[in-house]
Amino acid sequence: MILADKIIDLRKKNGWSQEELAEQLGVSRQAVSKWEGAQSVPDMGRIVQMSELFGVSTDYLLKDSLDLPVPAAESVRSDTPERTVGMEEANAFLLAKEQNASRVALGVMLCILSPICLILLCGAQELGLLPLTEAQAVGLGVPALLLMVGGAVALFVTSGLRISRFSYLEHENVDTLYGVDGMTRERREAYRSVYARQLTLGIVLCVLAVLPIFLSLLFFGDAEHYGHLLAVALMLVLIAIGVLLIVNAGIRWGAFQQLLEEGDYSRESKARARNHAPFSGIYWGLVTAGFLAWGFLTNRWDRCWILWPVAGVAYGAIYGIMCALQSRDER
């Protein structure tokens, strides 16, 4: 094993990101990235620092022929399994994630757009703009809603099946073979500008989505005007496009983080996610049930969408509290 792979292996075993290791060594993250990509070699002073930091000898770091002895207690541990990921597997995973990102993002977009037809038909019927009864308007709008939601569910299910063989990357500790980390970082850096643009544009669209409502109030005034319904529909379209961009960018960026075991996919984060998985499933199941119940019982699809961002913020706060409590108990 060469020095670059030894640094990667020791950093991951300690659960550190490149930024965290760089901070402890007093160097930049780019320097650590170059060491791990075998693009440069640390000087002797840094070698000594790393030997003290990782608890290994300088001989182990410098001599490719030396392997790190495995302590007996560690050799029998089964609670933190490691899976080896080679170049072929990593490339296949990144390709599958890239394809799935657009499918999942489209599915989320369809869910957000699904009530538009129902809103417009029921609103036009109430204002007397269509020769339909309320039952007929609902009879036309609900099937359109269900078709779009059904299409979204199909996209989610097929995407999940396509990526299921790589599910271990999300939950298990991995050991990447030589070259995988360097390749992943190169592709991540090439995608970074696209990620930033998509994320920024998506957030801006979601923020600006309320503008059609204010403009309709400004120009039409009357709350019973059909222009208000069109404004609601346009608002949902803008939100749907914004969320599509955010989800697509987030999934692709997350794929790089999974392979590198950084950010939300560091070994520490994976351990916490395994502990909190039941809570996440129950929480989002209840949120989905609440969204559908609110929409169908009140027929106010123009308002019930607000449940998702509120639930997202609340989830982040609750999850953060749970992680803080777990960290305190571990200490």
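Cβ contacts < 9 Å: first residue surrounded by fewer than 16 Cβ atoms within 10 Å (Cβ to Cβ), restricted to segment 170-197; second residue aromatic (F, W, Y) and part of a helix (DSSP H, G or I), any location; separation 6+ or different chain. Result?
E170/Y265; R192/W253
Checking the structure you have, find out if any residue of segment 226-243 is under 14 Å from V85 (Cβ atoms) and either assigned by TED's automatic domain parsing to the domain that holds L118 or not polar (S, T, N, Q) (or both).
No, every residue in segment 226-243 fails to be under 14 Å from V85 (Cβ atoms) and either assigned by TED's automatic domain parsing to the domain that holds L118 or not polar (S, T, N, Q) (or both).
Answer with yes or no whether Q257 is surrounded by 13 or more Cβ atoms within 10 Å (Cβ to Cβ), part of a helix (DSSP H, G or I) and at pLDDT below 85.
no
Taking helices (runs of 4 or more DSSP H) that fall entirely within segment 156-234, which contain at least 1 residues that are charged (D, E, K, R) and out of contact with any helix residue (DSSP H, G or I) (no Cβ under 8 Å at 6 or more places or on another chain)?
180-208
Could you run through segment 198-217 and say how many residues are modelled with pLDDT of 85 or more and crowded, with 16+ Cβ neighbours inside 10 Å?
Adding up the residues that qualify gives 7.
Take the residues of segment 113-134 that are part of a loop (DSSP other than H, G, I, E, B) and in contact (Cβ under 8 Å) with a residue 12 or more places away in the chain: which is nearest to the chain's Cα centre (by Cα)?
Filtering first and then ranking leaves S114.
Give segment 1-10 a look and list any residue that's among the charged types (D, E, K, R) and either in a loop (DSSP other than H, G, I, E, B) or modelled with pLDDT under 85 (or both), or say none.
Listed by number, the residues that qualify are D5, D9.
Out of segment 45-70, which residues are hydrophobic (A, V, I, L, M, F, W, C), surrounded by fewer than 16 Cβ atoms within 10 Å (Cβ to Cβ), outside any loop (DSSP other than H, G, I, E, B) and at pLDDT below 85?
L62
The values are calculated or read from the model by the stated rules, or taken from the named source; none is laboratory data. Owing to the predicted nature of the structure, the values given are computational and were not obtained by experimental measurement. Ideal geometry is used to build each Cβ from the backbone, glycine not excepted, and the neighbour counts take in all protein chains shown.
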